[in-house]
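Just below is one structure, and these are the notes that go with it.
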Amino acid sequence: MAKEKIHKDVVIIGAGMAGLTAALYCGRMNLDVLVLENGIIGGQIANAVGIENYPGFISVAGGDLIATVQKQAENFGAVIDEFDNIVKVVLRENPKIVETEEKIYLADAVIIASGMNRRKLPLPEEKKYAGRGVHYCELCDGHMYNGKIIAVMGGGNAAVDAANFLTKYAEKLYLIHRSEFRADEVSQNRLRQNPKVEIMLQTEI
């Protein structure tokens, strides 16, 4: 059976903060907008325990913030579909084509806000402790460990910069990496010079 073809002014791929914000503005412009999401609405920020650097809020849980933005977008007519996976996208056609498992959308514009997935800690306990001791956003969650011992895993710029940031909270900080540093020399040197830090290279967690 042929899939139903539906025209949309705008199709947005991804219902994270960027995708929902785009949907909000498209809706305010009276555009017929559809948001497609194959994971959790809100993306990574939805799991943040407490966000203290978002203007307008002293502190807000990621899930609460996303729920507010989602409601704003929906109030302006945006439709969010989180259960119909995308199987094909053709951007060189006019209109553009976004095909899902169930339907084919013909869109005048496509906004790709698919975000990214962090590499998770490769341990069976990761799911159990995610958000409760294991975190992936030092800016969002670092303050929860003020005065405690913190371990950072990785040797690239993201890990080393996170470790440098977290030294403001940590009583002691371990940087653990399975091989050698890949981070830039400036960040490495800053970390090495901090008396709170112990660097453990060639080490597996």
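The values are calculated or read from the model by the stated rules, or taken from the named source; none is laboratory data. Everything quoted here is computed from the prediction, not taken from an experiment. Note that each Cβ is placed from the backbone with ideal geometry, even for glycine, and that neighbours are counted across all protein chains shown. Protein only, heavy atoms only, side chains kept; ligands, DNA and RNA dropped before computing areas. Shrake-Rupley method; radii C 1.70, N 1.55, O 1.52, S 1.80 Å.
Within the stretch 1-105, antiparallel bridges make up roughly 40 percent of the DSSP beta bridges whose residues both belong there. To the nearest 10, the accessible area of residue 6 is 40 Å² with a 1.4 Å probe. For residue 51, the residues whose modelled amide H falls within less than 5 Å of its own, excluding neighbours fewer than 5 places apart on the same chain, are 60, 61, 62. Rounded to the nearest Hz, the phi-derived 3J(HN,Hα) couplings of the stretch 109-117 under the Karplus curve 6.51 cos²θ - 1.76 cosθ + 1.60 (θ = phi - 60°) are 9, 10, 10, 9, 10, 7, x, 8, 10, where x marks glycine and proline. Rounded to the nearest 10 degrees, the angle from helix 17-28 to the longest Cα principal axis of the chain is 30 degrees. Along the stretch 144-149 the Karplus relation, 6.51 cos²θ - 1.76 cosθ + 1.60 evaluated at θ = phi - 60°, assigns HN-Hα couplings of 5, 10, 4, x, 10, 8 Hz to successive residues, with x for each Gly and Pro. The stretch between residue 29 and residue 112 holds 28.0 nm of extra length on full extension. This uses 0.36 nm per residue minus the Cα-Cα distance. For the residues 59, 187, a 1.4 Å probe over the protein chains yields an accessible-area ranking, largest first, of 59, 187. Where both bridge residues fall in the chain, DSSP classifies roughly 25% of the beta bridges as antiparallel. With the Kirkwood sum run over all distinct C-alpha pairs, the stretch 86-199 has a hydrodynamic radius of 17.0 Å. Applying 1/(1 + (r/R0)^6) with r as the Cβ-Cβ distance of residue 7 and residue 158 and R0 = 41 angstrom yields a FRET efficiency of 0.50.
Rolling a 1.4 Å probe over the protein heavy atoms gives the chain an accessible area of 61 Å² per residue.
Note on the stretch 1-98: lysine pairs with Cα distance below 22 Å, sequence gap of 8 or more or different chains, count 8. Sequence-ordered 3J(HN,Hα) estimates for the stretch 30-42 from the Karplus curve with 6.51, -1.76 and 1.60 and θ = phi - 60° stand at 6, 8, 7, 10, 10, 10, 10, 9, 9, x, 7, 5, x Hz, glycine and proline given as x.
Simple spin-label estimate for residue 193 and residue 94 gives 5.6 nm between the two label positions (7 Å along the Cα-to-Cβ direction from each Cα).
Taking the 1.4 Å solvent-accessible surface of the chain as the whole, the part contributed by carbon and sulfur is 52%. Need one number: the % of Cα-Cα pairs in the stretch 1-152 sitting beyond the 22 Å mark. When all Cα pairs of the stretch 1-152 are counted, 48 percent exceed 22 Å. With contacts taken as Cα pairs under 8 Å and at least 6 residues apart, the chain reaches a relative contact order of 18 percent. Between amide H atoms placed 1.01 Å from N, distances below 5 Å from residue 111 occur with 11, 12, 13, all of them 5 or more places distant or on a separate chain. Close amide H pairs (under 5 Å, H built 1.01 Å from N) link residue 16 with 42, residues at least 5 positions away or on another chain. The trypsin sites (Lys or Arg not before Pro) of the stretch 78-122 meeting both criteria, a DSSP state outside H, G, I, E and B (loop) and at most 14 other C-beta atoms within 10 angstrom of the site's C-beta, are 92, 118, 119, 120. The percentage of C-alpha pairs in the stretch 1-53 whose separation is greater than 16 Å is 52%.
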